[in-house]
Structure formats: C-alpha cells, structure tokens
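What follows is a single structure, written as structure tokens, with notes after it.
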Amino acid sequence: MILLETTKLTRAYGGVIAVSQVDFQVREGLITGLIGPNGAGKTTLFNNMTGLDTPTSGKVHFNGTDITRHHAHTICRMGIARTFQNIRLFKELSVLENVMVGLHFTTGKSPTKGRVAAVVRSYLKAKQEYDLMHEQAMRWLEFFKLDGFADELAKNLPYGHQRELEIARALATEPKILFLDEPAAGMNPLETDSLMKTIRRIRDLGITVVLIEHDMKLVMNICDTITVLNYGQNIAQGTPAEIRHNPKVIEAYLGKEEA
Amino acid sequence: MLNFILLILIYTGIYALMAVGQNLITGYVGLLSLTQAGFFAIGSYATAILSVTYGWNFWMTLPVAAILAGFFGFLIGLPTLRLKGDYLAIATLGFGEIVRNILNNWDKLTNGPMGIQRIPMISIFGMRVSPYAKWGFLILVWVFVVIAYLLFERLARSRIGRALEAIREDEIAASSMGINATRYKVWAFVFGAMIAGIAGSLQAVFILSVTPGVFTFMVSIMVLCMVVLGGMGNFKAVVLGAFLIQFVSYFPQLVGLSNVIPPQFKQVLFGLILVVMMIWRPQGILGREQRSAPGRLFKKGGRS
Amino acid sequence: MGSSAEFFQHLMNGLTLGGIYALIALGYTMVYGILKFINFAHGDILMVGSYIGLFIFDAIRGQSLGPWTIIAFFIAMLGGMIFSAGLGMAIERIAYKPLRKATRLAPLLSAIGVSFILSNMAAWMWGTKSRKLEYPFDNSPLYIGEVSITPHQILILIVVIVMMISLKLFVDRSRIGKAMRATSLDQDTAKLMGIKADRIIAITFAIGSALAATAGFLIALEIKVYPSMGTMTGLKAFVAAVVGGIGNISGAMVGGILLGLLETFGVALLGIPYGLRDTIAFVALIIILLVKPEGLLGKVEKEKV
C-alpha cells in the first residue's frame with residue numbers, strides 16, 4: 001500500500017528549479033532509498049514532504065490526505081518524523097530532555113479532551129506526566145544504548161551518538177514514516193554497520209523508513225526500493241539490483257561516456 | 001532606615017513579578033522583549049482608572065489589569081512572533097513609547113501628564129492594607145511573588161516549559177517534533193505581559209497615584225537587567241536579580257549620597273551590566289536552572 | 001493655496017523627512033546584512049555625532065564668518081561624522097565582536113546596553129537640556145509658485161542625494177564594497193577568498209555611523225540636540241529599513257522615503273492627529289510584517305535545513 005506520495009511536485013526558487021514534476025511513492029513497511037548526486041533536490045523533496053518548505057506546484061498525499069500546505073507540526077502529528085542532514089538537536093538540553101520533547105504530543109496529549117484541556121491537565125499533573133515521559137524516553141534511549149548518557153547535554157555527545165539521538169527523538173513522536181536525511185554522513189564503517197542494523201530494527205517495529213544517503217553500500221544493502229533524482233527529476237526507481245544496472249543512473253553518477 | 005529597606009523590598013517584589021514574566025519570554029523562549037514597562041503601565045492605569053473613576057474594588061480591577069495587558073501582548077505578539085524573533089524587540093520598543101505617548105495625551109481617560117491621584121487603598125476582608133504601614137504591604141506583595149514563582153516554575157518544568165526551551169534551541173527542529181512554535185511563543189509572551197500587568201496594578205495601590213513619567217524605558221531595562229544579572233532561565237535567580245538591581249537603584253539614597261551621585265550613574269551602570277554580563281558571564285550569577293521533575297524541587301544527580 | 005500646490009508642499013516635506021530616515025536606515029540595514037543583528041545603539045551614535053558637530057560648529061563660529069559660515073557648518077558635520085565612525089567601530093570591537101559566536105540573544109542585549117550607556121552618558125556629561133544649533137544661513141523660505149521650500153530642506157536634499165549616490169557607487173563598484181557584499185552573502189566563504197571579514201565589518205560600522213551622524217546633524221537644525229534625540233528617529237529608521245527589505249541598501253533608501261511621505265501625508269491628508277504621528281511608523285511595521293515580511297525589495301530568506 002502506498003503510504004505517502006507526491007504528484008508532479010515542483011519547487012522553484014526564483015528561476016532555479018530544485019525539484020521538477022517529481023512523482024515519488026513510499027510503500028508501507030518498506031525501506032525506501034532516495035539517492036542522487038549532490039544538488040539533485042533530495043533534501044528539498046524531503047522538506048516539501050515534511051512541511052518545512054512549500055511546493056511551487058504539485059501535491060503531497062499521506063494516507064490519502066492532502067498535506068501539501070500543512071505546517072511542519074501538523075505533519076509530524078499525523079505521523080511523519082524526520083532527522084536533519086546537519087544534525088539539529090536541542091544542544092543545551094540534556095539527552096533525555098531531547099527525547100522528551102519528541103514525546104511532547106504523544107504522551108502529553110489527552111486522547112479525548114481538547115487542546116486547552118490537555119495543556120491544563122499536563123500542568124496540573126506535571127509530576128505524573130514527567131514520570132511517564134521519563135520512562136518512555138528512557139526506553140527509546142535504551143533502544144539506542146544511549147541510556148548511559150541521559151543526563152549529558154546533547155552538545156557534549158560524540159558525533160555518532162548525536163545522529164542516533166536525533167533518530168531516537170524522531171521515533172519518540174511515534175511516526176508511521178521516518179525520514180532520515182543522510183544518517184550515515186560522517187560515520188566510520190563500524191558505525192555505519194551498526195546504523196544499518198538499527199534501521200532494520202526500526203523497520204521491524206512496523207515503521208516505514210525513507211532515507212537519503214550517499215553511502216552506496218548502506219543503500220544497496222538495506223533498501224527494498226530506491227528512487228533516483230537527478231537535476232530535480234525522478235530518473236529511475238526500482239530494486240537495488242535494477243538501479244545498479246540502470247544506464248540512466250550510471251550516466252547521472254559517472255557522466256556520459258564519450259562516443 | 002528600616003522603612004527604607006522595607007521600601008526596597010516592596011519594590012523588589014513588584015519588579016520581581018515583572019522579571020518572572022520577562023524570564024519566561026527571554027530566558028526560556030529566547031526572545032528579546034523590551035516592553036515590560038508598557039504592560040506595567042497598562043496594569044497600573046487599569047487599576048487607577050477603574051477604582052478612581054468607576055469606584056471598583058481593587059480585587060476586581062486586578063484581573064482586568066492582567067487581561068488587558070495580556071490582550072495587548074497578544075496584539076503585538078501575533079504579527080511579530082510568526083517571524084524571526086528580532087522584530088519583537090523593535091515592535092515592543094515602539095509599543096512602550098506609544099503607550100507612554102497615549103497616556104500623556106489622552107487627557108479624558110488618563111488625565112495626561114498629571115496622572116491620576118487618590119487611588120483607594122486595598123482592603124482584605126475589611127482590613128485596609130495601607131502602603132504607609134509597610135510591613136503589611138510587603139507581605140501582600142511577596143504573597144503575589146511566591147504564587148507567581150510557584151506557578152511559573154511549575155509551568156517551566158512541565159512539558160510546556162520543555163517545548164519553550166526546544167523552540168529557543170532550534171525552532172525548526174521543534175516544529176518537526178509536533179510543537180506549534182508560533183502558538184507557544186505568543187502564549188509565553190501573553191503570560192509575561194499579564195504578570196507585568198498585575199505588577200502594575202500592585203504598584204498603583206502602593207503609590208496611590210499613577211503618572212506617565214513612571215513608566216519609562218528605564219523600567220524595561222531594569223527588568224531586563226534583573227533577568228540577565230540573576231541568570232536567564234532560572235526563576236530564583238531573577239528574583240535575586242530584582243533585589244540586586246533595586247538595591248543598586250536605591251543605594252545613593254540609602255547611604256545619603258543622592259546629592260553627590262548623579263541620577264544617570266545607575267542607568268549607565270545598568271547598561272554596563274548588560275554588556276559586561278553578555279561578554280563575561282552570559283549565564284548570569286546563578287546560571288540556568290538544573291531542571292528536575294516538577295513537584296520535586298531538589299533532585300539528586302542532576303546534570304552537571 | 002490650490003490643492004495641487006498643497007500636494008507638492010507635502011511631497012517636498014515628506015521627501016526631506018524621508019531622506020533623513022533613509023540615511024539612518026542605511027546603517028541598520030548594512031549591519032544587519034552582514035551580522036544579522038539589530039544595532040540598537042545606532043540612534044545613539046547619531047546623537048553623539050550631532051553633539052560633536054554642534055560643539056565644533058560653535059567653536060569655529062565664535063566670530064562672525066559671514067558667508068563662510070556654511071563652510072564651518074560642513075567642517076563641523078565632517079567632524080561629527082569622523083567621531084561617530086570611530087565610535088561605531090569602537091563599539092563593534094568592544095561590545096559586539098566578542099559575541100559573534102554567542103547565542104542570537106547576546107549581541108542584541110549587549111546592543112541595548114550600549115544604547116542605554118550612550119544616552120545616559122550624554123545626559124550626564126552634557127545635560128538633558130536641548131541645545132540649539134544655529135542655521136548657517138538665512139532660513140527664510142523661497143517660493144516656487146505657491147510651494148515654499150526652505151534652504152534647510154534644499155541642504156538636506158542635496159546632502160542626502162550626494163551621500164546615497166556615493167554610497168551606492170562605493171558598494172557596487174569599489175573593492176571594499178564588493179568585499180562587503182561578499183561578506184554579507186557568506187562570511188566564511190568570503191574569508192576563504194582572502195577577505196578580511198573583521199576589517200569589512202569595522203568599515204561597515206564606520207560608514208553606517210557616519211551616515212547617521214550626518215542625518216543627526218541635519219535634523220539638529222530643526223529639532224535641536226538632546227540626549228534622547230536618537231531613540232525615536234532611530235526606531236523609525238529601523239522600521240524604514242524593514243519596510244524596504246532589511247539587508248538591502250536600495251531597500252533602505254526606498255523604505256526611508258516611503259516612511260517620510262507616509263508620515264507627512266498621514267498627518268496632512270488622512271487627518272491623523274500630530275500627537276500620533278510617531279505611531280504611523282509602527283502601524284506600518286506591523287502591516288508590512290503581516291503582508292510582506294521580507295520587505296518591498298527584500299528577498300525571502302529561508303533557513304537552510
């Protein structure tokens with residue numbers, strides 16, 4: 001089943017067209033890779049699907065709902081979470097608190113009452129709510145073996161752990177889809193291996209994963225399906241094996257062979 | 001002498017209320033608002049006008065003062081807070097000037113530069129709290145401070161406070177975590193305004209008169225200094241800051257040197273405090289608060 | 001007076017006022033363009049420059065100079081400009097430069113502090129009483145048809161036009177100007193290209209402060225010189241910079257003129273009471289932030305994610 005889909009999505013900045021008429025589908029339960037040379041429009045596409053940027057034209061549908069002009073916070077609440085290419089943690093907050101922010105509306109929200117009631121309730125029952133959130137946040141930290149760093153400030157974590165914390169924070173929002181923007185950037189092969197395992201474990205939780213990545217070993221290894229962007233256009237999609245042998249993709253990465 | 005110290009403590013309390021509000025806006029959300037004086041004035045005039053012209057009881061004017069200040073906070077906050085925080089500083093700076101302008105010129109309502117005199121004293125259960133008997137008034141003001149402190153502290157430790165800090169640290173990441181950043185910023189600003197309105201209301205029944213000349217830009221700067229000096233993001237610290245700034249402010253009179261030390265001296269000092277603290281100790285005297293669960297004021301093994 | 005004559009009269013008044021705003025707005029916008037922060041002390045630098053100019057003018061003008069008075073006036077203006085330029089650079093060096101890597105809030109708070117120090121030091125040293133700057137010429141109005149124009153207004157227009165054209169040429173054509181534009185686009189890359197970003201920032205502060213001093217000295221003839229003269233004028237000039245598009249030099253010019261016209265016509269034609277004239281600028285600010293937050297000539301700036 002297609003969980004998320006863009007139709008003819010275009011984003012232009014003045015005269016520069018970053019993403020052009022892209023049709024992109026994410027199937028439920030799979031790990032989808034989004035690859036392409038630098039400047040191909042991958043992050044722009046991510047931003048347009050997660051509400052941080054608005055398409056010039058085209059549509060984004062999630063679970064059948066049109067979310068094209070929704071705000072980032074509403075999109076997150078509907079079940080789309082993300083990480084960022086250049087890690088955006090809450091640096092001066094502790095590791096634990098970073099994850100607790102991710103729990104902001106999942107644990108905090110009251111299932112039946114309205115918004116105001118939820119705020120009042122969380123104010124009056126702050127202690128219980130804190131304990132509950134603390135427990136859940138710790139569970140996510142344990143998932144990443146970060147529980148030992150819980151009280152550390154996020155900015156003091158080693159780089160690899162910062163990437164993991166960002167994923168933990170995103171997972172805390174209980175997403176249906178998780179977008180990862182270059183999760184392996186700057187990691188050594190060992191860390192990348194462990195990241196691959198983590199991504200599979202996330203998939204096994206029933207979460208659909210979409211990732212932008214330049215590390216071909218990782219992409220070819222874990223993705224069920226891959227979409228390739230070049231100059232803002234969708235030039236190919238298919239299984240890793242198909243993509244590997246697609247002449248258009250080879251051309252995009254290696255340039256045209258001289259005749 | 002004792003009377004004078006009591007006076008300083010009463011003003012510390014009134015200003016501590018404003019500083020608590022400023023701390024929520026500046027210390028937690030990281031926004032520069034420069035108009036606690038404007039909301040202070042609105043609260044003061046609301047109480048003065050309602051009680052003198054319309055004969056209302058102080059306790060009825062108090063919520064009106066808070067709501068009116070909050071309403072104006074909403075009006076300035078909504079257009080500016082959708083955007084980058086920088087514009088809030090300018091809009092609030094302008095707002096403070098406009099408020100004073102209007103108080104000076106709207107003779108019918110505010111009696112212009114002369115202000116409003118003979119504000120009736122507060123009474124609690126038929127007992128009058130006269131500002132001349134300073135102990136009573138001191139206790140009254142500090143009851144307000146303690147309540148405000150507890151309420152705001154709890155707010156800061158709840159998930160709402162954490163959301164505000166997340167917005168300060170990275171607004172884009174916060175909104176990607178499902179937090180409606182604009183709404184939280186506007187509400188923080190409104191709450192900060194409301195408590196300044198309450199402080200204004202108390203000031204009116206302490207001085208028993210209001211004049212536009214009291215609500216200058218210096219008031220806003222003093223409140224800002226209290227937060228910066230004590231420590232942004234720490235409610236205890238800003239109350240300490242309120243005391244220190246009030247003490248400095250009255251120091252010349254306290255030691256009988258008010259003839260020797262020119263009035264601009266302390267103002268230059270306030271300016272210096274802002275610059276020097278930013279360069280050498282941006283976290284303030286006490287620093288940001290070690291956060292812990294709400295309801296538990298002290299927790300072992302906090303962050304280092 | 002015919003209605004078209006009346007219109008031209010207000011147009012004239014609006015243009016001179018707007019020119020002043022534009023000169024001041026340039027300083028805000030140039031600094032914002034490079035450092036992305038509001039220099040709250042800008043209006044106070046204007047005030048100090050005006051005082052220095054006034055002192056120099058009074059000192060030279062001790063004896064009657066006859067027609068040479070106008071030369072003395074320009075020397076005094078130049079003195080004020082130079083002093084302000086130095087003051088602007090010193091403030092940047094002491095109070096802002098150590099905070100380049102700090103949080104966004106830190107330089108703003110520091111700037112507020114500097115502004116407060118300057119205005120109160122001035123009140124302390126020079127008193128709060130406003131001082132009159134004598135006209136260096138006979139300021140009785142000239143008439144073009146029914147429209148009156150004072151020599152003071154002519155002076156303002158000439159100075160503003162000369163300053164704007166030279167600034168525009170400087171920024172567009174000169175090496176330093178190009179370096180300024182490069183620094184404002186991307187400080188780190190500019191540094192890699194061998195541009196001394198610190199020096200460029202200092203020069204930006206110097207130019208902005210000198211322009212503010214010029215504006216201050218020009219209006220001092222009409223509104224006198226006093227310690228808080230920079231506050232309101234500075235605020236409104238900032239609004240002008242935002243209306244035009246903050247960070248954009250042409251935008252500051254357009255925004256300034258527009259605000260000047262808006263205030264003049266607002267009072268004259270729309271019947272806004274004179275006491276609320278200062279409010280016009282802030283209503284304009286709120287409206288522009290709601291409708292076109294990037295300003296008339298500004299570019300939409302999206303934070304890169």
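The values are calculated or read from the model by the stated rules, or taken from the named source; none is laboratory data. It should be emphasised that the depicted structure is a prediction, and the values quoted were computed from it without experimental measurement. Note: ideal-geometry Cβ built from the backbone for every residue, glycine included; neighbour counts use all protein chains shown.
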For this session: Residue by residue through region C:21-44, note down the ones that are in contact with a Leu (Cβ under 6 Å, 6 or more places away or on another chain) and more than 12 Å from chain B (Cβ to nearest Cβ).
Result: C:21, C:23, C:26, C:27
Exercise. Does region A:26-44 contain at least one residue that is surrounded by fewer than 21 Cβ atoms within 10 Å (Cβ to Cβ), assigned to a strand (DSSP E or B), out of contact with any helix residue (DSSP H, G or I) (no Cβ under 7 Å at 6 or more places or on another chain) and touching a residue at least 60 places away in the same chain (Cβ under 8 Å)?
Worked result: yes
For this session: Residue by residue through region A:79-88, note down the ones that are within 7 Å of another protein chain (Cβ to nearest Cβ) and not charged (D, E, K, R).
Result: A:84
Exercise. Somewhere in region C:135-157, is a residue in contact with a Leu (Cβ under 9 Å, 6 or more places away or on another chain), surrounded by 17 or more Cβ atoms within 10 Å (Cβ to Cβ) and under 24 Å from residue C:206 (Cα atoms)?
Worked result: yes
Exercise. Quick check: is even one residue across region C:75-97 within 14 Å of chain B (Cβ to nearest Cβ), at pLDDT 90 or above, farther than 20 Å from residue B:229 by Cβ and not in a helix (DSSP H, G or I)?
Worked result: no
Exercise. Exactly one of (1) in contact (Cβ under 8 Å) with a residue 24 or more places away in the chain; (2) more than 22 Å from residue A:206 (Cα to Cα) is unmet by residue A:76. Its number?
Worked result: (2)
Exercise. Out of region B:138-163, which residues are over 19 Å from residue B:197 (Cβ atoms) and either surrounded by 14 or more Cβ atoms within 10 Å (Cβ to Cβ) or modelled with pLDDT under 90 (or both)?
Worked result: B:138, B:153, B:154, B:156, B:157, B:158, B:159, B:160, B:161, B:162, B:163
Exercise. Are any residues in region C:220-238 buried (at least 24 other Cβ atoms within 10 Å of the Cβ), under 24 Å from residue C:165 (Cβ atoms) and within 12 Å of the chain's Cα centre (by Cα), and if so, which ones?
Worked result: C:234, C:236, C:237, C:238
Problem set entry | Extreme residue, farthest from residue A:106 (Cα to Cα), among residues of region A:131-189 that are of a type in the set (Phe, Trp, Tyr) and in contact with a Gly (Cβ under 9 Å, 6 or more places away or on another chain) | A:159
Exercise. Quick one: would you say residue B:42 is surrounded by fewer than 24 Cβ atoms within 10 Å (Cβ to Cβ) and either touching a residue at least 60 places away in the same chain (Cβ under 8 Å) or not in a helix (DSSP H, G or I) (or both)?
Worked result: no
Exercise. Restricted to region B:244-264, and to residues that are surrounded by fewer than 17 Cβ atoms within 10 Å (Cβ to Cβ) and within 14 Å of chain C (Cβ to nearest Cβ), which residue is farthest from residue C:121 (Cα to Cα)?
Worked result: B:260
Seminar exercise, completed: When region C:276-292 is checked residue by residue, the ones that are more than 8 Å from chain B (Cβ to nearest Cβ) and crowded, with 19+ Cβ neighbours inside 10 Å are C:280, C:284, C:288
Exercise. Which ones in region A:40-78 are within 10 Å of another protein chain (Cβ to nearest Cβ) and either closer than 15 Å to residue A:169 by Cβ or not polar (S, T, N, Q) (or both)?
Worked result: A:46, A:50, A:51, A:52, A:53, A:71, A:72, A:73, A:75, A:76, A:77, A:78
Exercise. So how many residues does region C:230-268 have that are among the hydrophobic types (A, V, I, L, M, F, W, C) and within 14 Å of another protein chain (Cβ to nearest Cβ)?
Worked result: 11
For this session: Report the residue count in region B:178-195 for those that are among the charged types (D, E, K, R) and closer than 15 Å to residue B:26 by Cβ.
Result: 1
Seminar exercise, completed: residue B:177 vs (1) within 13 Å of chain A (Cβ to nearest Cβ); (2) part of a helix (DSSP H, G or I): all pass except (2)
